[in-house]
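To keep things clear, I will list the structure first and then write my remarks on it.
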Amino acid sequence: MTSTAPEQTLHGTAPAPASEVELSIGGMTCASCAARIEKKLNRMDGVTATVNYATEKAKVSFPEGVEVADLIATVEKTGYTAEEPPPPASDTGDGGEAQAAPATDGELLSLRERLYISLVLTVPVVLMAMVPALQFDNWQWLSLTLAAPVVVWGAFPFHKAAWTNLRHGAATMDTLVSIGTLAALGWSVWALFWGHAGMPGMRHGFEFTVSRGDGSSSLYLEAAAGVTTFILAGRYLEARAKRKSGAALRALMELGAKDVAVLRGGKEVRVPVGQLAVGDRFVVRPGEKIATDGTIMEGASAVDASMLTGESVPVDVTVGDAVTGATVNAGGRLVVEATRIGTDTQLARMAKLVEDAQNGKAEVQRLADRISGIFVPVVIFIAVATFGVWLGATGDTVSAFTAAIAVLIIACPCALGLATPTALMVGTGRGAQLGILIKGPEVLESTRRVDTVVLDKTGTVTTGRMTLQDAYVAPGVDKDELLRLAGALEHASEHPIAQAIAVGAIERTGSLPVPENFENVAGLGVQGVVDGHAVLVGRERLLKGWSIALPPELAEAKAAAEAEGRTAVAVAWDGEARGVLTVADAIKETSAEAVAELRSLGLAPVLLTGDNQLVAKSVAKAVGIDEVIAEVLPQDKVDVVKRLQGEGRTVAMVGDGVNDAAALATADLGLAMGTGTDAAIEAGDLTLVRGDLRVAGDAIRLSRRTLATIKGNLFWAFGYNVAALPLAAFGMLNPMIAGAAMAFSSVFVVTNSLRLRSFK
């Protein structure tokens, strides 16, 4: 599970290469737990760690000389558990990912059991305390009987965590809950057995605020049981939300096929996908999932990649085409040769990108974590101070105690710790479903600042392949006949322009006749006999060699096409010029719409290409781009990005080729088309799995929405604590109301984050 990370330099010296490991952390109950573990790990020499409370994982980079066992030991000394996650199922074939789910389900079931039993016991306790009419003789003893199991057994996870942290000299949210609930129960037990609260006929009023009273007759059983139940409810809803927010990643991992029909000695043998090797040939029948990334060796079909890319239209594939694992064969039988397996497949890489993003932390969350780490001790100090001030000012122990308990309960910093991870998990998971992969939380900050988007032309704005555009015919010539005869001759040539004409002719006229006496005239075109006609297809110079001139209308059409950056091909047969065909790198149908959407997001589009100015301006005009930078060599694309940045612009770059990788890495935000090369995808901050440029706008909108959700969560979490602590300290909150409010703050944060699941 370890890997070598890139070398980094510090103060001009290059340390030994660091290794990375991802640890599963157990026992964390709040953000301050994560902050403590992170702090302890980072104190180790050369170790850099990031601990994520929501995903319960630690990503650790460590130098040579430090072992994974040392990292685990450090975590355990801090009072928590740590282990390396099991290997992925694709490597082992034993469903490693699936094994994680039952453990999570077990935790949920345990929480739910405690919550439901505590709720049943707490409701009558609260009702008797709040409604004096329900207080029969000796009702207080029934309340103790019902409340004690809630505080002792229901809240046991809080007490256990608080004790563990106390042994390690630390205080967390559980410390606040444990102290508060046990103090309330302890006070009530004292009042019942040694005070006046246990007397028959005792009646107890309920108020939402702190009031003065006789300490020996005051009970806090409803507060102790109510706080426990509210916090259990918050924990349960929080755990469910965390599970839901990670559902997209689990669904992504489960997309792959489980077994595959491999060809061994000419026979099909069905084996688990984990046993596939690079070079194996396997059969994919209609309706089956393609087991892994590969190249088609036999057959033709249509592949449905909607579950992976979000693209609803199946893509036609044939021999020589690459296919991606987890996509569905929607047509005929295919024989595929495996080119990537296990963690090298596109599906596994997508899942890894999503998981890495969910494990990361935005800068705003690091601030929240630092605050959470010191928050609990500060709250305990405030609670003690509140007790002292109230006692000194009023001389009323009951009021002082109640206010101090409310402070302890209201201040739990759960919401702060959940603000970023839950939004990030839901946002990245939703992105994966839409074919948008966000590499990390810092990317979100970049999308907010970007004001310029540089679009590589070939493969991004255009399809990246030559396509037949138009056919111009001389008077009296049938267009279909022109395409049929020219296409038949070009079909015998392997030149990209010839193939574009042939494919276009087949699409528009159907099957083509077979030419005779075919000849390729180097640099000029092709000639031959088709259906008894002597046909010439190529440059105008080819026709002139046969003393054939273009009539004025065809010459004009040719000049107009070339002025727009298209390639014009002349066609003649039987001694006369019959037409002109134009070929160009076709603009994607959605590019103009995509550019308009990028403009609506406040981005200024720039077209960047190595093509000549004529072609570049033609494409730019067609899609609505004003700024064009043409005739740029691949190695100079980085300089263009740097120049734009030097002008004070914050630049996003969209590209798909190897020659775009450096520019993608240099830009403030790199968006790599997933249909492009691995080098470009690795260099990008966002990967657009589909080849549709409109996804770039979707990616920026989703990133901005996720960032806005994070900031909204943090604002409400901070605001809640800032507003609630003084209210509790000044005696304006009953402890039970404080517990309900504290639980609501966490529920609000995760619920607000889950709204990202509806992003379209």
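The figures follow:
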item: Top-ranked residue of the range 136-180 - restricted to ones that are within 39 Å of the chain's Cα centre (by Cα), assigned to a helix (DSSP H, G or I) and of a type in the set (S, T, N, Q), ranked as farthest from V379 (Cα to Cα); result: T164
item: Residues satisfying the stated conditions in the range 247-289, i.e. open to solvent by less than 30 Å² (accessible area, probe 1.4 Å), under 23 Å from D316 (Cβ atoms) and modelled with pLDDT of 90 or more; result: V260, A261, F282, V283, V284
item: Long-range neighbours under 6 Å by Cβ, at least six apart or interchain, first residue within 11 Å of S61 (Cβ to Cβ) and open to solvent by less than 10 Å² (accessible area, probe 1.4 Å) within the range 33-49, second at pLDDT 90 or above and in a loop (DSSP other than H, G, I, E, B); result: L41/V47
item: Residue among A563, A557 that is closer than 21 Å to A474 by Cα and touching a helix residue (DSSP H, G or I) at 6+ places or on another chain (Cβ under 8 Å); result: A563
item: Checking M199 against (1) within 18 Å of V398 (Cβ to Cβ); (2) modelled with pLDDT under 80, the condition it does not meet; result: (2)
item: Residues located in the range 574-614, provided they are assigned to a strand (DSSP E or B) and open to solvent by 20 Å² or more (accessible area, probe 1.4 Å); result: E576, R578, D585, I587, A604
item: From V503, V526, residue being within 55 Å of the chain's Cα centre (by Cα), touching a residue at least 12 places away in the same chain (Cβ under 8 Å) and assigned to a helix (DSSP H, G or I); result: V503
item: Long-range neighbours under 7 Å by Cβ, at least six apart or interchain, first residue of a type in the set (D, E) within the range 602-629, second part of a helix (DSSP H, G or I); result: D611/K457
item: Options A383, A302; residue that is assigned to a strand (DSSP E or B), open to solvent by less than 60 Å² (accessible area, probe 1.4 Å), of a type in the set (G, A, S) and at pLDDT 75 or above; result: A302
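The values are calculated or read from the model by the stated rules, or taken from the named source; none is laboratory data. For clarity, every value in this text was computed on a predicted model and none was experimentally measured. Cβ: placed from backbone, ideal geometry, glycine included. Neighbour counts: every protein chain shown. Quick note on the areas: whole protein, heavy atoms, side chains included, nothing else; ligands and nucleic acids left out. Shrake-Rupley method; radii C 1.70, N 1.55, O 1.52, S 1.80 Å.
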